[in-house]
Amino acid sequence: MYRKILLCYDGTAEGRNALKDGADVAICMKTETYLLAIIRDAAERSIPEAVSEVSIMCENDEALRILREGVAWLKEKGLQAYGYIAIGNPIEQIDATARSLGVDLIVLGHRQRSRLARWWSDSENATLLERAPCSILVAVAPPGG
């Protein structure tokens with residue numbers, strides 16, 4: 001039985017699919033639900049000359065908007081929902097957040113190889129499966145959906 005669920009949500013179709021699947025599990029289990037938006041560290045994903053304070057602020061504002069949208073949607077479904085934003089490596093942030101909140105289940109969305117690889121391994125090839133302190137549910141969009 002799950003008591004606390006961490007939904008990793010990025011606003012993509014796959015992320016929304018994970019949000020819906022995770023919400024279904026949370027509703028059935030009557031769990032506390034935590035929504036995590038992760039912003040990659042600007043220094044790790046682009047050349048320093050291309051990073052500006054304005055571009056970072058825009059990305060942060062968008063992440064906050066997406067997070068608020070997701071939390072509001074979960075609350076509309078009758079869930080006790082909380083939102084968190086983390087900056088850095090997705091695997092490290094998911095693992096750290098799951099541990100600090102004491103969640104029983106992590107829910108992720110799946111996109112073809114490139115996005116799933118983001119969740120499963122980091123630069124040192126440590127996998128989320130090896131690091132996670134709990135079960136993981138991977139929500140996969142139906143074909144054509």
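A quick yes/no check of all residues on (1) in a loop (DSSP other than H, G, I, E, B); (2) buried (at least 20 other Cβ atoms within 10 Å of the Cβ); (3) at pLDDT 80 or above:
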{"residue": "ALA18", "(1), (2), (3)": "no, yes, no"}
{"residue": "ILE27", "(1), (2), (3)": "no, no, yes"}
{"residue": "ALA37", "(1), (2), (3)": "no, yes, yes"}
{"residue": "MET57", "(1), (2), (3)": "no, no, no"}
{"residue": "THR97", "(1), (2), (3)": "no, no, yes"}
{"residue": "ILE106", "(1), (2), (3)": "no, yes, yes"}
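Count, please, the residues in segment 59-81 that happen to be assigned to a strand (DSSP E or B) and either modelled with pLDDT under 55 or surrounded by 15 or more Cβ atoms within 10 Å (Cβ to Cβ) (or both).
Total meeting the criteria: 1.
When the residues of segment 59-97 are filtered to those that are of a type in the set (Val, Ile, Thr) and in contact (Cβ under 8 Å) with a residue 60 or more places away in the chain, which remaining residue is nearest to ASP21 (Cα to Cα)? Explain how you work it out, then say what you get.
Kept after step one, since they are of a type in the set (Val, Ile, Thr), are these residues of segment 59-97: 66, 71, 85, 87, 91, 94, 97.
Remaining after also requiring in contact (Cβ under 8 Å) with a residue 60 or more places away in the chain: 94, 97.
Values: ILE94: 18, THR97: 20 Å.
Among those residues, the one meeting the criterion is ILE94.
Which condition number in (1) more than 16 Å from LEU137 (Cβ to Cβ); (2) modelled with pLDDT under 85 is the one that GLN93 fails?
It fails just one condition, (2).
The values are calculated or read from the model by the stated rules, or taken from the named source; none is laboratory data. As the structure is a prediction and not an experimental result, all values here were calculated from the model. Here the Cβ is made from the backbone with ideal geometry for all residues, glycine too, and neighbour counts use every protein chain on show.
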